[in-house]
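First the structure, in the form of structure tokens, and then the observations on it.
Just so it is clear, none of the values below were taken in a lab; they were calculated from the coordinates. Computed from a predicted structure; not experimentally measured. Note that each Cβ is placed from the backbone with ideal geometry, even for glycine, and that neighbours are counted across all protein chains shown.
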Amino acid sequence: MQTYRAAVIGCSRMGAFIDNERVGHLAFEVANYLAQNFPVSHAASFFAEERTDLIACSDLRTEVMAEFGKRYNVPAERQYTDYREMLENEQPDIVSVATQPEQRAEVVIYAAEHGVKAIYAEKAMAASMDEADAMVEAVERNGVAFNLGTNRRWDTGFDKMKEIIDSGELGALRTLIIYGNGSLFNTASHNFDLILRLNNDEPASWVSAHLPEGDNIIDGNIVREDPSGQGIIQFSNGVTAHALLAQLGWEAICERGSVTSSRDGVMWQVRRQNRLEPFPIFERTSSGANIVTDLVHALDTGEPTRGGVRVAHASTELIFAFMESHLRNGARVDLPLKGSKLCLQRDRGPRQPRFKP
Ligand SMILES: NC(=O)c1ccc[n+]([C@@H]2O[C@H](COP(=O)([O-])OP(=O)(O)OC[C@H]3O[C@@H](n4cnc5c(N)ncnc54)[C@H](O)[C@@H]3O)[C@@H](O)[C@H]2O)c1
């Protein structure tokens, strides 16, 4: 069977070394215990997938690439400080873009325009809606398979949660609760994608939101830090989502019961009428590896991925709609979002990856 040539752009934590931070993390340890070889980072996921060869990498930091090379067998001559040169010389089929969101759009658009067939882009998708729009245009025009790193869309626990909701045995879905929405680009990007998936990617019709630190963070159109945000999302099919700033966890409330996930997918519960029931047993796998397998499947078959660039755009729109609503004192902001010129521009350097567990 054909193997695909993969390359990582942005070789730091999520690109390559976050696996070393997860040792001791409860969800990871449980999953790793139950599913051997549990990759988290992009590089580890390509390394584990037998249909992909990790052949090259690019980062602005040569010392980070040197460690990447040792860990993932990428020789020095295939480590590039200029991702354009890497794309030209190495012609990868699949590219990861694990930079920060401020550097995402430029790289994704360039890769889509220069022969890459599939892109695994980290969340948050982009630093502005103009950038997100341009990414959709470039990815679709070039027929590139695309997945955003919103892992829970490829997590078997949430697949099971969705299966229970979709079965209708608890009645129709009414309300979704995000208990810990967190900062909009870093954490809510995951949460918004998850509720979209649990609600079958139905479009949202409006949001109303409050950002506790928003007034200090948003300066004209410049968003100087990643703001936390709480609020309401109304979907066009009548489902309402509430995003709180409490602890990590999610709940789907249906007419005759609910499904709850807490401790980041470690604890699950089904409530039927007023009776608590155990959550069905499911096979735990690596969501990162599943994202890569999904891209490989799309390249093999031409079928769409589970994510896709439109779905990525929809969750990104919710991030920007939350900020726009805050700026309008919590007023309802209608979707599709029009005319947002907000742009994330943090004054910060790259983070230091942990090279050893
Ligand atoms: N899906 C998840 O669970 C998860 C977890 C952690 C981080 N993330 C996301 O992954 C992304 C990266 O996070 P991180 O903590 O690894 O960030 P980081 O700051 O540690 O790493 C970003 C890397 O990109 C490199 N870079 C910047 N511009 C570049 C360019 N033009 N060409 C090549 N390399 C370039 C930097 O040098 C740096 O090494 C963020 O968007 C973050 O939200 C996702």
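Starting from the Cα gyration tensor of region 123-279, multiply each eigenvalue by 5, take the square root, and state the resulting semi-axes largest first in whole Å.
Equivalent ellipsoid of region 123-279: 29, 19, 14 Å, largest first.
Once the cut-off is 32 Å, how many percent of the Cα-Cα pairs in the chain end up in the long-distance tail?
30 percent
Go ahead and collect, in residue order, the members of region 321-357 whose backbone nitrogen is under 12 Å from a label point 7 Å along the Cα-Cβ direction of D219.
345-348
Can you give the alpha-carbon Rg of region 98-174 over 2.2 N^0.38 Å, where N counts its residues?
1.40
Starting from the Cα of N142, move 7 Å in the Cα-to-Cβ direction to define the label point; list residues of region 6-21 whose amide nitrogen is under 17 Å from there.
Inside the label zone: 6-10.
Remind me, relative contact order of the chain in percent, using alpha carbon pairs under 8 angstrom and six or more residues apart?
On the way: 773 pairs, mean separation 77.7, N = 357.
Computed over the chain, the figure is 22 percent.
At 0.36 nm per residue, minus the direct Cα-Cα distance, what do I281 and H114 gain on full extension? Give it in nm, one decimal, please.
Value of the extension gain: 55.7 nm.
Set Lys and Arg Cβ to +1 and Asp and Glu Cβ to -1, take the dipole of the chain about its Cα centre, and tell me which of A7, P278, A124 lies farthest positive.
The Cα lying farthest towards the positive end belongs to P278.
Hey, got the dipole for region 138-208? About the Cα centre, +1 on K and R Cβ, -1 on D and E Cβ, debye to the nearest 20?
Working: 7 positive and 9 negative charges, 34 e Å.
With only Lys, Arg, Asp and Glu charged at Cβ, the dipole is about 160 debye.
Report, largest value first, the span of the C-alpha coordinates of region 133-180 along each principal axis, in whole Å.
Result for region 133-180: principal-axis Cα extents of 42, 25, 20 Å.
Which of these, R275, R174, R224, has the largest mean-square fluctuation under a Gaussian network model of the chain (Cα springs below 10 Å)?
R275
Dipole of the chain, Cα-centred, from +1 at each Lys and Arg C-beta and -1 at each Asp and Glu C-beta, to the nearest 20 debye?
Result for the chain is approximately 900 debye, rounded to the nearest 20.
Using every Cα-Cα pair within region 228-305, state what percent have a distance larger than 16 Å.
69 percent
Test of understanding: what is the full-extension gain from T175 to T3, defined as 0.36 nm times their sequence separation minus their Cα-Cα distance?
Extra length from T175 to T3 when fully extended: 57.6 nm.
Set Lys and Arg Cβ to +1 and Asp and Glu Cβ to -1, take the dipole of the chain about its Cα centre, and tell me which of G115, G238, A252 lies farthest positive.
A252
At 0.36 nm per residue, minus the direct Cα-Cα distance, what do D347 and A76 gain on full extension? Give it in nm, one decimal, please.
94.5 nm
Of the options V97, Y83, G69, report the single residue whose Cα projects farthest towards the positive end of the charge dipole of region 57-107 (beta-carbon charges: Lys, Arg +1; Asp, Glu -1).
G69
Structure shown: which of K162/K338; K123/K356; K162/K341; K123/K338; K123/K162 lie over 27 Å apart, alpha-carbon to alpha-carbon?
Among K162/K338; K123/K356; K162/K341; K123/K338; K123/K162, the Cα-Cα distance tops 27 Å for K162/K338; K162/K341.
Can you give the Rg and Dmax of region 84-127 based on its C-alpha atoms, in angstrom?
Just the Cα atoms of region 84-127 yield Rg and Dmax of 9.9, 29 Å.
Between E63 and E255, what FRET efficiency follows from the Cβ-Cβ distance if R0 is 45 Å, with the result rounded to 0.05?
So the FRET efficiency works out to roughly 0.20.
Nearest 20 debye, what's the magnitude of the dipole of region 95-231 about its Cα centre given +1 on Lys and Arg Cβ and -1 on Asp and Glu Cβ? Walk me through the numbers on the way to the answer.
Details: 11 positive and 22 negative charges, 89 e Å.
Computed about the Cα centre, the dipole is about 420 debye.
How are the Cα pair distances of region 230-357 distributed, in percent, across 5 Å bins from 0?
2, 7, 11, 12, 15, 18, 17, 11, 5, 2, 0
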